[in-house]
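Reviewing the structure listed below.
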Amino acid sequence: MTHFHSFTFTLFTIFGLLFLARADSPISPGFPYGSKKVRGVNLGGWLVLEPWITPSLFDNTGNTAIIDEWTFCQFQPRPVAQSMLQNHWSTFYTEADFAAIAAAGLNHVRLPIGYWAFDVGPGEPYIQGQLPYLQKAVTWAGNHGLKLIVDLHGAPGSQNGFDNSGHHVSFPQWHSNSTNIARTNTVIKTLANMFKTNTNVVTAITPLNEPASFYGNAILTAARQFWYDSYGNIRFPFGTSQESNTIVMIGDAMQPLSYWNGFMTAPRYQGVAMDTHIYQVFSNGDAANSQQGHINSACARGNELAAFDLWTIVGEWTPATTDCAKYVNGRGMGARYDGTFPGSSYVGSCAGKSGAASSFSSSYKTFLRQYWEAQTITYEKGEGWIQWTWKTQAGAGEEWSYQAGLQYGWIPQNPTSRQFPNICG
Ligand SMILES: *[C@@H]1O[C@H](CO)[C@@H](O)[C@H](O)[C@H]1NC(C)=O
């Protein structure tokens with residue numbers, strides 16, 4: 001874990017002149033981060049299952065104990081789980097989605113994948129087969145001129161306990177177990193090696209999604225070291241002093257950006273970007289906020305994004321302002337918005353706020369458009385944005401779906417056109 005520091009020191013000692021020269025000749029990323037805005041979508045719920053993105057996949061199991069990909073594989077006969085997964089992987093995203101994403105004027109996709117696509121340990125029920133789809137996704141992105149960010153969304157032991165890490169657990173175990181961290185480093189080395197000569201398409205690797213530092217300082221300590229280790233693994237995949245052009249997209253680990261001031265900055269570190277996620281969905285305060293309050297909160301983030309010392313990309317966000325989408329708080333869990341989530345109280349009915357976009361009123365769609373514009377205007381004060389998510393299963397949480405937004409008009413066909421250019425004042 002601490003090897004990277006000594007590794008760097010050695011390189012500085014032996015290749016001191018080379019490193020001094022490097023400050024004047026930075027790496028060449030496959031996208032002009034910092035001068036052109038990132039506009040993109042996540043490909044959520046494809047290579048890592050999420051109950052709320054594809055609820056029928058979970059409902060069809062007939063087993064309410066199946067709440068994440070781990071239990072999906074654990075509590076069904078393997079051939080059944082395997083064939084459901086294969087069918088999902090081969091149909092939920094196809095090249096047509098990549099063509100539609102490019103046609104919508106977007107330039108990036110961020111693709112979540114779990115460690116188990118590369119490494120299934122003893123006692124882990126996960127089923128493999130995702131890797132060929134990662135490869136296809138890279139080909140399809142390249143075919144349509146899209147840049148692809150590979151995002152490790154689940155690590156052994158879980159880095160956040162969320163179902164979207166693959167395994168919903170009551171307390172994350174990734175950070176406290178050196179075997180888990182070592183396995184994660186190996187996955188990052190594998191990814192860096194896979195794409196080191198294709199950085200025109202795979203421009204960046206996110207070594208770990210959302211390590212949840214709200215569980216305590218130990219996760220933050222582990223995440224900081226893991227970002228250093230990932231820098232070495234991603235930047236030096238050739239086994240020599242030769243550097244890759246792959247961007248190292250570290251995350252804020254759910255700390256304010258100010259916590260990370262001065263972390264992994266140039267000239268010592270080249271090609272580091274910061275991924276921050278902005279949701280106004282998952283607290284009682286967010287549930288109770290007014291529509292104007294949500295817009296104001298989004299607009300208020302601009303200065304912070306503009307000022308931060310790394311390239312800052314809002315790698316997840318949504319025009320949704322409620323947690324009404326079925327299973328978005330976990331399969332079987334209710335919503336804060338209508339008071340059916342433990343510890344919440346009723347704000348309003350979820351009817352017409354979530355589900356099929358065909359049920360949305362025109363005033364609700366106008367609000368979604370305003371809030372979408374407020375966010376994209378603000379996030380472009382940083383390096384740009386990647387919305388969560390391109391699509392959901394038909395009728396499921398469509399307020400989150402970029403595709404539904406295009407169809408129903410709360411997202412413009414050209415992401416730079418504005419109906420409310422002064423929404424942030
Ligand atoms: C650490 O994690 C590994 C799996 O990566 C597991 O086999 C091992 O039992 C864990 N160790 C402890 C002490 O929990």
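The values are calculated or read from the model by the stated rules, or taken from the named source; none is laboratory data. As the structure is a computational prediction, the values presented were derived from the model and not from experiment. All Cβ positions, glycine included, derive from the backbone under ideal geometry; neighbour counts span all protein chains shown.
Taking the options A212, A192, A222, name whichever one is crowded, with 19+ Cβ neighbours inside 10 Å, within 16 Å of the ligand (Cβ to nearest atom) and not acidic (D, E).
A222
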* Structure fact -> If we take the stretch 246-319, then strands (runs of 3 or more DSSP E) inside it with 3 or more residues that are surrounded by 14 or more Cβ atoms within 10 Å (Cβ to Cβ) and aliphatic (A, V, I, L, M) are 247-251, 272-278
* Asked: Here are S165, S158: which of them is among the hydroxyl-bearing types (S, T, Y) and free of Cβ contacts under 8 Å to residues at least 40 places away in the same chain?
  -> S158
* Structure fact -> Across (1) within 16 Å of the ligand (Cβ to nearest atom); (2) part of a strand (DSSP E or B), I205 clears everything bar (1)
* Structure fact -> Only unsatisfied item for T221, checking (1) β-branched (V, I, T); (2) without any contact (Cβ under 8 Å) to a residue 60 or more places away in the chain; (3) out of contact with any Lys or Arg (no Cβ under 8 Å at 6 or more places or on another chain); (4) outside any helix (DSSP H, G or I), is (4)
* Hey, which of the helices (runs of 4 or more DSSP H) in the stretch 1-70, taking only ones fully inside, have at least 2 residues that are modelled with pLDDT of 95 or more, surrounded by fewer than 20 Cβ atoms within 10 Å (Cβ to Cβ) and out of contact with any Ser or Thr (no Cβ under 8 Å at 6 or more places or on another chain)? -> 55-59
* Across the stretch 171-189, which residue is nearest to H153 (Cα to Cα) among those that are among the polar types (S, T, N, Q), in a helix (DSSP H, G or I) and near the ligand (Cβ under 8 Å from one of its atoms)? -> N180
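For N143, are the conditions met, namely being farther than 19 Å from N233 by Cβ, of a type in the set (S, T, N, Q) and surrounded by fewer than 24 Cβ atoms within 10 Å (Cβ to Cβ)?
yes
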